[in-house]
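The structure appears right after this line, and notes come after that.
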Amino acid sequence: MLRLAVIGDVVGKPGRRAVAELAPLLRKRLGFDMLVANAENCAGGKGITPDTVRELLGAGVDVITTGDHAFDQKNAAEALAEPRVVRPLNYPPGAPGRGWTVVSSAHGVPVAVINVMGRVFMKPADCPFRAVEHVLDEARAAARVVVVDMHAEATSEKIAMGWFLDGRVTAVCGSHTHVLTADARVLPHGTAYITDVGMTGAHQSVLGREVAPVLGHFLTGLPQRSELAEHDVRLNGALIDVDETTGTACAITTLQEVLPPA
């Protein structure tokens, strides 16, 4: 049996600290063989950098996925050159980086991780369904275990991707909305699904940002400078148990761990 942990959007320094302090403890306690983290907001709350990528990989993350903020930092292309970092597969041709990768688990089981981005209420992108379809045979030839990070705003689009891939991949895990959802389940043909794996960062916040300026923006419509929040830091995600011989998911449960105050 293979156990995977997939954690939600790592936001800024508080999120990186949660990964550094909690991931080794959780790996030992829960016995997962691989940790996949969406970290498109790990650098100052928006984007990735080579330094933040190295920090997360050094803390025990095995694969980093991203999303619509993948290129927000000026040196993002350098960060995306790391083979264990993926950006949405359905970015237009010529975008730096790769849309999927294969990494071996702690026990040597190859795992393919595919990253796609939704189009509903999101930046323009190619069709995520056709993009996955285009690489799926190649990914499955490289690894029986295939995990898809569906980075999207609309729950309907994420759920549709789950049904589209049911029985053809091990798991479809949604990201982007920073809110851990209560719908973790194994679909009829053996694909684990959850609409959003939540946020790893400060939960006394609005999606990782300080509450007051975000409220000010909603109340007045005026631009507000918002800093990253720092209190009530938690790690959110999902644990997936997999039959490594077939790539079929056996179970999926949500994960929420509070980082003790410093």
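Given the conditions (1) at positive phi; (2) at pLDDT below 95, report the number of the one that residue 190 does not fulfil.
The failed condition is (2).
Out of the residues in region 220-251 that are farther than 13 Å from residue 4 by Cβ and open to solvent by less than 30 Å² (accessible area, probe 1.4 Å), which is farthest from the chain's Cα centre (by Cα)?
Of everything passing the filter in region 220-251, 229 is farthest from the chain's Cα centre (by Cα).
Do any strands (runs of 3 or more DSSP E) entirely within region 21-114 hold 1 or more residues that are open to solvent by 10 Å² or more (accessible area, probe 1.4 Å) and either modelled with pLDDT of 95 or more or under 24 Å from residue 133 (Cα atoms) (or both), and if so, which?
Values: elements: 34-38, 63-65, 100-104.
By residue number, 100-104.
Only one residue in 55, 78 is closer than 20 Å to residue 230 by Cβ and not β-branched (Val, Ile, Thr). Which one? Even if it seems obvious, please write down each step before you answer.
Values: 78 fails: closer than 20 Å to residue 230 by Cβ.
That would be 55, the only listed residue that is closer than 20 Å to residue 230 by Cβ and not β-branched (Val, Ile, Thr).
When you scan region 227-247, do you find a residue that is modelled with pLDDT of 95 or more, touching a strand residue (DSSP E or B) at 6+ places or on another chain (Cβ under 7 Å), in a loop (DSSP other than H, G, I, E, B) and within 18 Å of residue 132 (Cα to Cα), even just one?
yes
For region 181-215, enumerate the residues that are out of contact with any Leu (no Cβ under 8 Å at 6 or more places or on another chain), under 17 Å from residue 154 (Cβ atoms) and of a type outside the set (Asp, Glu).
Listed by number, the residues that qualify are 181, 194, 195, 207.
Condition check ((1) among the charged types (D, E, K, R); (2) touching a residue at least 12 places away in the same chain (Cβ under 8 Å)) across all residues:
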{"position": "177", "(1), (2)": "no, yes"}
{"position": "195", "(1), (2)": "no, yes"}
{"position": "209", "(1), (2)": "yes, yes"}
{"position": "219", "(1), (2)": "no, no"}
{"position": "228", "(1), (2)": "no, yes"}
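The values are calculated or read from the model by the stated rules, or taken from the named source; none is laboratory data. Predicted model, so just to flag it, every value in this text is computed and none were measured. Note that we place each Cβ from the backbone using ideal geometry, even for glycine, and neighbour counts take in every protein chain shown. Calculation scope for accessible area: heavy atoms of the full protein, side chains included, ligands and nucleic acids excluded. Shrake-Rupley method; radii C 1.70, N 1.55, O 1.52, S 1.80 Å.
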